[in-house]
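Engineer: Shown below is the structure under consideration.
The values are calculated or read from the model by the stated rules, or taken from the named source; none is laboratory data. As the structure is a prediction and not an experimental result, all values here were calculated from the model. Reconstructed Cβ throughout: ideal geometry from the backbone, glycine too, with neighbour counts over all protein chains shown.
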Amino acid sequence: MPDQQQRQTVAPGVERSLATAVSPSTPEHLYKKRTQVYPKRIKGTFRTLKWVAMIVLLGIYYITPWLRWDRGPASPDQAVLIDFENARFYFFFIEIWPQEVYYITGLLILSAIGLFLATALFGRVWCGYACPQTIWTDLFIAVERFFEGDRNARIKLDKSPWTANKIFKKTSKHIVWLLIAMATGGAWVLYFHDAPTVLRDLLSGHAPQTAYVFLALMTFLTYALAGFMREQICIYMCPWPRIQAAMIDDEALNVTYRYDRGEPRGAHKKGETWEGRGDCIGCRQCVAVCPTGIDIRDGAQLECIDCALCIDACDAIMIKIGRPKGLIAYDTDANIERRLRGEPNRFRLVRPRTVIYATIFALVGSIMLYGLLNRSVLDMNVLRDRIPNYVRLSDGSIRNGYTIKILNKASEPRELRLEAIGLGDINMSVVGLKNIEGAFILSAPADETLDYKIYLAIKDVSDLSEREIFNLQLTDLKNGDTTLTETMFITGNTD
């Protein structure tokens, strides 16, 4: 919120901004009404990086549902699809079945460890460049700036009475916000249905009810979180600022005000020496550009998202006053202490914390990669009948019943030979199928599951134990692929 003092020149060609920290390091009140943050536009290296990150990530989000990937006639051709109806998750050449949810678990573990590693190395770089809240807030602020102007113009507009011009600007901004929010909600829905089909159905009113519900929900959340709540999400709702303290140490790179160089701060007049004083002239440009409204000179703060816009703002001022850039920079607390002792900077990216995170990340990634490379496209689950455990037939044979579920994850149908291995002389029957030349051939449609009911009978069980372990084996007649499942035969012998 701007203060009431007159603008003051703090160096030749540099005026002090009226911006003050809305989240000061020593707040006057525990509870207070939100103070609106009006980030000032800035140009620079890190602002450019943020624009690039925003364009790339938004492009990935909006375009991905429209990418196609040929999986054969029996499977959908959408490259990334969460298909709840058929219980599948498709990601280009990878197809995840419900029985393989451990891959999703592994992906979540990788994401968490990757975030820990990035934080230990570069602080809250995720928050500043890749977090969805940051990305969409940046986009909404850009729209706001387009219609209402930069920081001072927006403050003036908000304080001015309602006129036709103000109504036009505010209405136009909110219309564009809503369109972006609807596009965001619509893109979200496209990940769960065939994109061209569901878009056509949405526009014609024939889409599933859940599609409209989630479209409305995601539209509302995007509009509210990026348009109104903004930094409040980062400060109060997101748990990561509180967790990150355990992820970093004094060797972690963070956006840092180098107080060893900047203090004592104060205005600088033309012709004055820089000896005996710091480089900070108190222009507050770092505060004016901050999207969370903090003063980086107050030190490490929960509200800082490491977006580095204050670096761009400070570097621009340093160039104007003829001082070296880097008064605010990515630095470590340890380096500040080293400089105060007269020692050179050291950047220790490799240290026990980062090595542990990197090792865990590599280990989990290797396990997942090995699992994917050796992933079977043919599985069989066997469920033995328990009521009754066994049946004694009229000829004295002991019979057990089983239900087998065949999972054919391939994109083509299979013909499979079923065998029982490890029980010796056994009589097999499959409900609905005939024995062909001493074997049962089961059909498995492409990319589907199919259940079969089978019965196994043994004529003489006198030499067998009460519970005999054996294997059921499926063999693909075309390529020879096999899958084995261990199960049990109950003989009824109690001796």
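Engineer: Return the total of residues in segment 444-470 being of a type outside the set (A, V, I, L, M, F, W, C) and closer than 15 Å to LEU383 by Cβ.
Structural biologist: Selection size over segment 444-470: 5.
Engineer: Would you pick out the residues in segment 63-86 that are within 21 Å of the chain's Cα centre (by Cα) and not polar (S, T, N, Q)?
Structural biologist: If the condition is that a residue be within 21 Å of the chain's Cα centre (by Cα) and not polar (S, T, N, Q), then ILE63, PRO65, TRP66, LEU67, ALA79, VAL80, LEU81, ILE82, ASP83, PHE84 are the ones that fit.
Engineer: Is there a residue being farther than 22 Å from ARG375 by Cβ and among the hydroxyl-bearing types (Ser, Thr, Tyr) anywhere in segment 448-455?
Structural biologist: Looking for residues that are farther than 22 Å from ARG375 by Cβ and among the hydroxyl-bearing types (Ser, Thr, Tyr), one finds at least one in segment 448-455, hence yes.
Engineer: All but one of (1) within 14 Å of the chain's Cα centre (by Cα); (2) surrounded by 14 or more Cβ atoms within 10 Å (Cβ to Cβ); (3) of a type outside the set (D, E, K, R) hold for ILE60; which doesn't?
Structural biologist: Only one criterion is unmet by ILE60, namely (2).
Engineer: Quick one: GLU419 ticks every box in (1) surrounded by 14 or more Cβ atoms within 10 Å (Cβ to Cβ); (2) assigned to a loop (DSSP other than H, G, I, E, B); (3) acidic (Asp, Glu) except a single one, so which number is it?
Structural biologist: Exception for GLU419: condition (2).
Engineer: Follow-up. Conditions first: (1) on the phi < 0 side of the Ramachandran plot; (2) within 30 Å of the chain's Cα centre (by Cα); (3) not aromatic (Phe, Trp, Tyr). ILE336 passes all but one, so which condition is the exception?
Structural biologist: Going through (1) on the phi < 0 side of the Ramachandran plot; (2) within 30 Å of the chain's Cα centre (by Cα); (3) not aromatic (Phe, Trp, Tyr) one by one, ILE336 breaks only (2).
Engineer: Sticking with this structure for a sec: If you go through segment 148-155 one residue at a time, do you hit one that is on the phi < 0 side of the Ramachandran plot and of a type in the set (Lys, Arg)?
Structural biologist: yes
Residue-by-condition table, conditions (1) assigned to a helix (DSSP H, G or I); (2) under 33 Å from the mean Cα position of the chain (by Cα):
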residue: GLY326; (1), (2): no, yes
residue: PRO344; (1), (2): no, no
residue: PHE347; (1), (2): no, yes
residue: ILE356; (1), (2): yes, yes
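Engineer: Name the single residue that is surrounded by the most Cβ atoms within 10 Å (Cβ to Cβ) among those in segment 103-114 being without any contact (Cβ under 8 Å) to a residue 60 or more places away in the chain and either touching a Lys or Arg at 6+ places or on another chain (Cβ under 6 Å) or not β-branched (Val, Ile, Thr) (or both).
Structural biologist: For segment 103-114, the residue satisfying everything is ALA112.
Engineer: While we're here: Taking the condition over 24 Å from TYR452 (Cβ atoms), within 30 Å of the chain's Cα centre (by Cα) and not hydrophobic (A, V, I, L, M, F, W, C), does GLY396 pass?
Structural biologist: no
Engineer: Separate question: Quick one: which of ILE294, ILE281, ILE305 is over 38 Å from the mean Cα position of the chain (by Cα), β-branched (Val, Ile, Thr) and not assigned by TED's automatic domain parsing to the domain that holds GLY44?
Structural biologist: ILE281
Engineer: Here is a further query. Which one is nearest to LEU121 (Cα to Cα), of the residues in segment 255-285 that are crowded, with 19+ Cβ neighbours inside 10 Å and of a type in the set (S, T, N, Q)?
Structural biologist: Here the residue is THR256.
Engineer: For segment 366-393: of the residues being under 20 Å from THR494 (Cα atoms) and of a type outside the set (D, E, K, R), which is surrounded by the fewest Cβ atoms within 10 Å (Cβ to Cβ)?
Structural biologist: ILE387
Engineer: Out of segment 137-190, which residues are without any contact (Cβ under 8 Å) to a residue 60 or more places away in the chain and either of a type in the set (D, E, K, R) or not assigned by TED's automatic domain parsing to the domain that holds ARG230 (or both)?
Structural biologist: Within segment 137-190, GLU144, GLU148, LYS156, LYS159, LYS166, LYS169, LYS170, LYS173 qualify.
Engineer: Okay, moving on. Look through segment 430-460, keep the residues that are surrounded by 15 or more Cβ atoms within 10 Å (Cβ to Cβ) and of a type in the set (Ser, Thr, Tyr), and return whichever of them is modelled with the lowest pLDDT.
Structural biologist: My answer is THR449.
Engineer: Looking at this structure, is ALA181 of a type outside the set (Lys, Arg) and in a helix (DSSP H, G or I)?
Structural biologist: It is true that ALA181 is of a type outside the set (Lys, Arg) and in a helix (DSSP H, G or I).
Engineer: So, one more: So if I check each of SER394, SER366, which one is free of Cβ contacts under 8 Å to residues at least 12 places away in the same chain, of a type in the set (S, T, N, Q) and not assigned by TED's automatic domain parsing to the domain that holds LEU474?
Structural biologist: SER366
Engineer: Which of the residues spanning segment 392-414 are more than 28 Å from GLY72 (Cβ to Cβ) and not polar (S, T, N, Q)?
Structural biologist: Result: ARG392, LEU393, ASP395, GLY396, ILE398, ARG399, GLY401, TYR402.
Engineer: Taking the condition farther than 20 Å from CYS127 by Cβ and in contact with a Ser or Thr (Cβ under 8 Å, 6 or more places away or on another chain), does ALA74 pass?
Structural biologist: Criteria met by ALA74.
Engineer: So, one more: How many residues are surrounded by 10 or more Cβ atoms within 10 Å (Cβ to Cβ) and either at pLDDT below 80 or not assigned by TED's automatic domain parsing to the domain that holds THR137 (or both) if we restrict to segment 23-47?
Structural biologist: Residues meeting the conditions: 5.
Engineer: Hey, among ILE311, ILE294, ILE317, which residue is surrounded by 22 or more Cβ atoms within 10 Å (Cβ to Cβ) and part of a loop (DSSP other than H, G, I, E, B)?
Structural biologist: Within the list ILE311, ILE294, ILE317, the selection yields ILE294.
Engineer: I'd like to verify a number: residues in segment 425-459 that are over 43 Å from the mean Cα position of the chain (by Cα) and either closer than 15 Å to THR403 by Cβ or in contact (Cβ under 8 Å) with a residue 12 or more places away in the chain (or both), how many?
Structural biologist: 18
Engineer: Do we have any residue at all in segment 198-210 that's within 27 Å of the chain's Cα centre (by Cα), closer than 30 Å to ILE113 by Cα and assigned by TED's automatic domain parsing to the domain that holds PHE84?
Structural biologist: Looking through segment 198-210, none of the residues is within 27 Å of the chain's Cα centre (by Cα), closer than 30 Å to ILE113 by Cα and assigned by TED's automatic domain parsing to the domain that holds PHE84.
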